[in-house]
Structure formats: structure tokens, C-alpha cells
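Inspection log for the structure reproduced underneath, given as C-alpha cells.
The values are calculated or read from the model by the stated rules, or taken from the named source; none is laboratory data. Small disclaimer: the values here were computed from a predicted structure and weren't measured. Cβ sites come from the backbone with ideal geometry, for glycine too, and all protein chains shown count toward neighbours.
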Amino acid sequence: MNYQTILQEAGILAHPARSGGIEARTPIDGSVLAQLPIENTESVAAKIQAASQAFLAWRAVPAPLRGELLRRFAERVRQEKPALGRLISLEAGKILSEGLGEVQEVIDICDFAVGLSRQLYGLTIASERPGHHLLERWHPLGPVGVITAFNFPMAVWTWNAALALVCGNTVLWKPSEKTMLCALALHRLLDEQIAKFPAAPPAVSQLLVGRRAVGEQLVDHSALPLISATGSTAMGRALGPRVAARFGRTLLELGGNNAAIVAPTADIHLSLRAIVFAAAGTAGQRCTSLRRLIVHRSLSARLSPLLRKAYASLPIGSPLEPGTLVGPLIDASAFERMQSALGAARAAGATVVGGERVRPAGLDGGYYVRPALVEADKPFAMMSEETFAPILYAVPYESFDAALAMQNDVRQGLSSAIFTNDMREAETFLSATGSDCGIANVNTGPSGAEIGGAFGGEKETGGGRESGSDSWKAYMRRQTQTVNYSTQMPLAQGVQFPVD
Ligand code: NAD
């Protein structure tokens, strides 16, 4: 299928190539797909103003009715799933099954939000005063700014927007400048449903195409009580203090540096499958990609050849071709960062297998690499960094405590895994003295989360939680309420203040 057909089927022909603006490219061969106009300072300000106005109406719409908008949107996404999946492959470079999986995630979180729209529960709390009623209620927060990364160009926005919308907020989405077409195609489906939904003001959700400056305008605007930002730790470090300076809230989903421990009792074949998907899948461009493998020394000699063989046989090529398992890196700078990390590994004395550029026929402008396996006898400085590319560092360990210490000894804290059949090791890994990450898995890899659980990580990953469980609370304001239904006026803590 040619690129124009993919764009057409995803309904984005309304944005053909034109001069000026910002180029949308495909990492498959580096060609330009479209040239899009971008927001300017005035248009962003107007959209923020519209979102603030829309909030005044949307917050008063009953939550289950707000959920109905998401239900209709999800129905449309279901119908368009193949077209949207192909567009993700075209613009973000994910293999088709992962593109479709991402669209499924969009549908799943909308379904979750529909149920949630009838479950935004508060608490009643025992009051110390007679004839008093103490409550906790959750109210909509306001317009929410959502800034997203290139590698989940549809799902991450929906994790945020689906919850934010049922919670009664309006949404302003600044997608990555590398995946704007995915944003346009997905938001178009929501716009369609908003237009047919009398309870929804047109500005209930808006898309803002642009570069970092557009994100910065959202970050600095006092009308936005919450900025949810997904991307690199460098981005979070720049943005967090700016939002804090105006006493706004942030929900930060930043870089990871995820490890897996392979213990002596691990099922080696199960572990191998999980490791290769987590490390080489999505060309190593997931925040939860496996980057560090901590292998019990007794297993290293057995696991290493299996990994090398699996890596050597991975089909690399266009993500649109059936059978491909490793697509391209997003762009040339991702390739350069990978090569520089591998150079640092070699300089530290590690053995590097793979990592070289691969040139599939006819796709010369794309940056394809053989996923790299880097073996070392102990951790070295480069292993502490997140390089957003398929590099798997493998180091041996002697004792379980040492393995745990190595797993936790990085600045990031997103996802983690252990492969073991030893119940004590598994339970320790999941306990307060085990993994320090937001996600901890046993006998499955660190990547590939389900939407039912809260998603996010600790330390330099930013501490935010979105998606399932009670993450919705981040998109609401909590109000504690006291009602006196007696004829007396008792004060809390027995304080006396007699007034005649
Ligand atoms: P990036 O940080 O380069 O960009 C992310 C977004 O932030 C883009 O929309 C960009 O325009 C915007 N941005 C950058 N600087 C900004 C600033 N100062 N103010 C406002 N907006 C700004 O990230 P990327 O290369 O698109 O994505 C890869 C990174 O994202 C990796 O580090 C990965 O681990 C991380 N990521 C994290 C999660 C998670 O849930 N923890 C999920 C996906 C990706």
C-alpha cells in the first residue's frame, strides 16, 4: 500500500503538502509526507481561552453523559483501527501489529473511561461533631494541557484525554512534532463526535500542532491547572519547575532505564522470548524497553549464545511489511545517539554484537539498525543513561542482593522484571525492599503494560501515574465538605468560642 493511500484511509488528505509550516516525515525512508501549518502565539492563546470557556459548560454535564462521548469516539476508533494502525507504522515506524496494538490501547482506555464515568466516587468520613456530616468529593479541575512523545503517538494522549474528559475537564493536546499526522487522524474522529454531541462544547478537546514553543506556552499559562507531559527526562526537568513556579500541577511520564534479572531457576526459553521482545521490539523505542539484563553468572554462558542467535535472525525492514519485527529508528539523530552510546560501551571494554546500520532495499533514507547486545563484566557509566534505541546491556551477578542493587542503581525508575521460579526471590523483588520502580513484573518482560493498572515510574521518570486504577484522581480536585444538620454550633477539637 503506498503512503498516500495510507494517509487517505486515515482521513488526513485535508492536510496535503504545502509550503511553510512543519514537515511530517516517515522514518521508513525519510520522505516527506506532508507539510503542516503550525500554531502561533495568538492561535494558542485563543485555544486556551476557548478551552477555559468550554470548561464552564463541560464541568456541569453529568459524568455518565461525558462518558457517552468517549463511548461514541471509541466506536469510531474501532471502525478505523486498521487505517490508524497503518498510519502509526508509517509515521512512527512501529511494525503493523504494534501499530494495531496501540490503537487497541486507545479503544481499551476509552472503554475504561466509560465505566469510570459512573464510578467517580468520593468518601463519607465519620465526623467528631454531633449532627455533622463529613464528606470528600472530587470535582473537575479545568483545562488540561497534554504534551506527548513520538513513540506512542495515539495511546498516550488517550490515556490522558479519556480520563480528563470524563472527569469534566477540557483538553489541549500538543503532540510530538515527529508524529503530528497520527494526532490529526485520531483527533479528527473525536471532533466528528463532538460536533454531533449537543452536550459537548466544540472546544472540549483541541489539538495544537507545533514545536516545543507551543508546549512552553501551555506550560506557562495559569489557566491550565494541570500539565501532563510525556517525553524525555530533559523535557521534564525543563518543564516541571516552570509549572511549579505558577503553582500548577504536573503529571510527568519521563525516561526509563529498565532492567530484568534472570535468576538461576528462570525458564530460559520463556525468558528469551520476553527479553528479545522487550529489548529489540519497537526498535528499542518504548519508555519501558528493556535496556539492562542482569544475569546470574551460572546462566551467562547458556543465555548469551541464545540471545546472539535470536538477535542475528531478527527480520529488519519496513514496518509495513508482514514478517518484519524491527522497524526503523525515528530519525538520524536517534541513530547517532545509538552509535555514540555503543562507542562509549566499547571504550569501557564491553563486547558489542550488532548495532550496525542495515540498509533494506529501496529504503536508504531510513535509519535501520541491527539491535545491539552489549556484554560486560560489570556495569559502566553509559548503562546509567537511557539511549532511545535497541541496545541491551548484559552483566552477570553473583548474589540476589547484588542483582537487586544493580537493578535499582540508576536515576530512572519506570519498569522492571525478574525471571525466576524461586518464590522467595519473586516475592522479595515485589516487596518494599525489592524493585524501586513504578512497574515490577515476574516472568514477563518490563514492556507491554495493560491499561487496567496505573502506569508510571519513580525518580527521574517523574512520579506521575496515568491510565488505569485510580489515576483519574490526578485529573480532579479534591474537596472536603462539612455539613452541620444540627441546631448547635460545636467547633472541632472542642474549641470554645462563645458569642452572644
Ligand atoms: P521529547 O522529550 O523530545 O519530546 C516530548 C514532547 O515534549 C514533544 O511533544 C516535545 O515537543 C515536547 N517538549 C520538549 N521540550 C519541551 C519543553 N521544554 N516544554 C514543553 N514541551 C516540550 O521526547 P521524545 O523523543 O518525543 O520521546 C522519547 C522519550 O519519551 C523517551 O525518553 C521515553 O522514555 C519517553 N517516554 C516516556 C513515557 C512514560 O510513560 N514514562 C512514555 C513514552 C515516552
Out of 209, 204, 214, sole residue that is over 13 Å from residue 175 (Cα atoms) and surrounded by 22 or more Cβ atoms within 10 Å (Cβ to Cβ): 204
Could you list, in sequence order, all residues of the stretch 219-236 that are within 20 Å of the chain's Cα centre (by Cα) and part of a loop (DSSP other than H, G, I, E, B)? 231, 232
Single residue of 175, 140, 130 found to be in contact (Cβ under 8 Å) with a residue 40 or more places away in the chain and surrounded by 23 or more Cβ atoms within 10 Å (Cβ to Cβ): 140
In the set 346, 337, 302, 308, the lone residue that is at pLDDT 95 or above and under 30 Å from residue 177 (Cα atoms) is 337
Has the stretch 182-204 got at least one residue that is out of contact with any Phe, Trp or Tyr (no Cβ under 7 Å at 6 or more places or on another chain), part of a strand (DSSP E or B) and within 16 Å of the ligand (Cβ to nearest atom)? no
Tally the residues that are small (Gly, Ala, Ser), free of Cβ contacts under 8 Å to residues at least 60 places away in the same chain and either in contact with a Lys or Arg (Cβ under 6 Å, 6 or more places away or on another chain) or near the ligand (Cβ under 9 Å from one of its atoms) (or both), restricting the search to the stretch 219-250. 3
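Residue-by-condition table, conditions (1) without any contact (Cβ under 8 Å) to a residue 60 or more places away in the chain; (2) within 30 Å of residue 410 (Cα to Cα); (3) within 16 Å of the ligand (Cβ to nearest atom):
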{"site": "455", "(1), (2), (3)": "no, yes, yes"}
{"site": "463", "(1), (2), (3)": "no, yes, yes"}
{"site": "467", "(1), (2), (3)": "no, yes, yes"}
{"site": "470", "(1), (2), (3)": "yes, yes, no"}
{"site": "476", "(1), (2), (3)": "no, no, no"}
{"site": "482", "(1), (2), (3)": "no, no, no"}
{"site": "485", "(1), (2), (3)": "no, no, no"}
{"site": "490", "(1), (2), (3)": "no, no, no"}
{"site": "499", "(1), (2), (3)": "yes, no, no"}
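Can you tell me which residue is farthest from the chain's Cα centre (by Cα) among those in the stretch 387-421 that are of a type in the set (Gly, Ala, Ser) and over 15 Å from residue 342 (Cα atoms)? Lay out the reasoning, then the answer.
Of the residues in the stretch 387-421, the ones of a type in the set (Gly, Ala, Ser) are 389, 394, 399, 402-403, 405, 413, 415-417.
From what is left, the residues that are over 15 Å from residue 342 (Cα atoms) are 399, 402-403, 405, 413, 415-417.
Working: 399: 33, 402: 30, 403: 27, 405: 26, 413: 14, 415: 12, 416: 16, 417: 18 Å.
Among those that are of a type in the set (Gly, Ala, Ser) and over 15 Å from residue 342 (Cα atoms), it is 399.
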Filter pass, residue 160 being assigned by TED's automatic domain parsing to the domain that holds residue 105, touching a residue at least 24 places away in the same chain (Cβ under 8 Å) and in contact with a strand residue (DSSP E or B) (Cβ under 7 Å, 6 or more places away or on another chain): yes
Anything in the stretch 65-99 that is in a loop (DSSP other than H, G, I, E, B) and closer than 24 Å to residue 198 by Cβ? List them, or say none. 80
Hey, among 466, 425, 458, which residue is under 13 Å from the mean Cα position of the chain (by Cα) and either crowded, with 22+ Cβ neighbours inside 10 Å or closer than 30 Å to residue 397 by Cα (or both)? 466
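Being part of a loop (DSSP other than H, G, I, E, B) and either within 14 Å of the ligand (Cβ to nearest atom) or in contact with a Ser or Thr (Cβ under 6 Å, 6 or more places away or on another chain) (or both) is true for just one of 216, 177. Which residue is that?
After applying the criteria, what remains is 177.
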What about residue 317, is it within 16 Å of the ligand (Cβ to nearest atom) and crowded, with 18+ Cβ neighbours inside 10 Å? no
Just for the stretch 240-262: of the residues that are buried (at least 23 other Cβ atoms within 10 Å of the Cβ) and over 22 Å from the mean Cα position of the chain (by Cα), which one is farthest from residue 147 (Cα to Cα)? 262
Report, ordered by the first and then the second residue, all pairs with beta carbons closer than 8 Å, sequence separation of six or more or different chains, a first member in the stretch 196-215 that is in the same structural domain as residue 145 (by TED's automatic domain parsing), and a second member that is among the aromatic types (Phe, Trp, Tyr) and within 16 Å of the ligand (Cβ to nearest atom). 205/173; 206/173; 207/173; 208/173
Out of all the residues in the stretch 438-493, which are assigned to a loop (DSSP other than H, G, I, E, B) and at positive phi? 443, 448, 456, 462, 463, 469
What are the pairs, 6+ residues apart or on separate chains, where a residue within the stretch 257-281 that is assigned to a helix (DSSP H, G or I) has its Cβ under 8 Å from a residue that is among the aromatic types (Phe, Trp, Tyr) and surrounded by fewer than 24 Cβ atoms within 10 Å (Cβ to Cβ)? 276/311; 280/311
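Do the conditions hold for residue 283, that is, is it modelled with pLDDT of 95 or more and either under 30 Å from residue 167 (Cα atoms) or near the ligand (Cβ under 10 Å from one of its atoms) (or both)?
no
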